[in-house]
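Okay, so here's the structure we're looking at.
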Amino acid sequence: MPTTIAVTGHAEERIAPELGAVTLSVGGSGAARNDVYGRTSAAHERLLAAVRELEASGALEKWSADQLRVWSYRPWNNEGRQLPVVHQASADVEVVFRDLGRLGEWVGDTAGSDELTIGGIDWRLTDATRKRVQETAQRAAVADAVAKAQVYASALGLGTPAPVELADHGMLSSQPTPMPKAMMMRAVADVGGAAPTEFAPQDLVIEASVDARFTAEPA
């Protein structure tokens, strides 16, 4: 009677990021609505002009900008009294660099503006590279599952294990089925770097995990 062996295969691939997406927010607040709008609108236009220069130089993969939003509210003080109306304006901008050397220089210069807030940097891969690395990790995860099954079969004195089911991690059914399923991929990125002009992003980590069932007969 064949013995069923169930294992989880795991693999990861590390690769240097190709793109850096910078998220920025242009904002201002004050008691006079027209003044707030004027200052924030001017800062917004200066930022977009700088972004268009970067785009023309070939440093960017793409960029996007939200429209300027203006709203008003009445804050409360610690004594529970409502204060005069405050007007606020803001807009978000995302700039995706392909030239990572220019990214650090530009962020360092931009960070000095009072109207701008840098939300963070998201290190990314191009779609083509991500797909290629995903496939490599997925194949390695399957190979890891096969190797584990062979170890268990050998320890039990069984012959070469034969695969009967393959699934995304956590999706393996309670009963074996003959049809394999797709595999899972997730990616996490560690970001390094201290000063704005000294960015040193760590490698992106692309992970893949699969669950698999095998059967093996006595040797």
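The values are calculated or read from the model by the stated rules, or taken from the named source; none is laboratory data. Because the structure is predicted, anything quoted here is derived from the model rather than measured. All Cβ positions, even for glycine, are placed from backbone atoms using ideal geometry, and neighbour counts span all protein chains on display. Calculation scope for accessible area: heavy atoms of the full protein, side chains included, ligands and nucleic acids excluded. Shrake-Rupley method; radii C 1.70, N 1.55, O 1.52, S 1.80 Å.
Of note:
- Restricted to strands (runs of 3 or more DSSP E) entirely inside the range 111-219, those with at least 1 residues that are among the aromatic types (Phe, Trp, Tyr) and either out of contact with any Cys (no Cβ under 7 Å at 6 or more places or on another chain) or at pLDDT 90 or above (or both) are 116-124, 204-216.
- The single condition among (1) in a strand (DSSP E or B); (2) open to solvent by less than 60 Å² (accessible area, probe 1.4 Å) that Glu12 does not satisfy is (2).
- With respect to the conditions (1) open to solvent by 80 Å² or more (accessible area, probe 1.4 Å); (2) closer than 30 Å to Pro201 by Cβ; (3) touching a residue at least 40 places away in the same chain (Cβ under 8 Å); (4) basic (Lys, Arg), Arg124 falls short on a single one, namely (1).
- Within the range 52-72, residues that are farther than 18 Å from Val26 by Cβ and among the charged types (D, E, K, R) have Cβ atoms under 7 Å from residues that are open to solvent by 90 Å² or more (accessible area, probe 1.4 Å) and modelled with pLDDT of 95 or more in these pairs: Glu61/Arg98, counting only partners at least 6 apart in sequence or on another chain.
- Looking across Ala155, Ala145, one residue alone is closer than 19 Å to Thr8 by Cβ and without any contact (Cβ under 8 Å) to a residue 40 or more places away in the chain. It is Ala155.
- Screening the candidates Val85, Val95, Val36 for the property of being more than 30 Å from Phe214 (Cα to Cα) and either in contact with a helix residue (DSSP H, G or I) (Cβ under 8 Å, 6 or more places away or on another chain) or at pLDDT 95 or above (or both) yields one hit, Val95.
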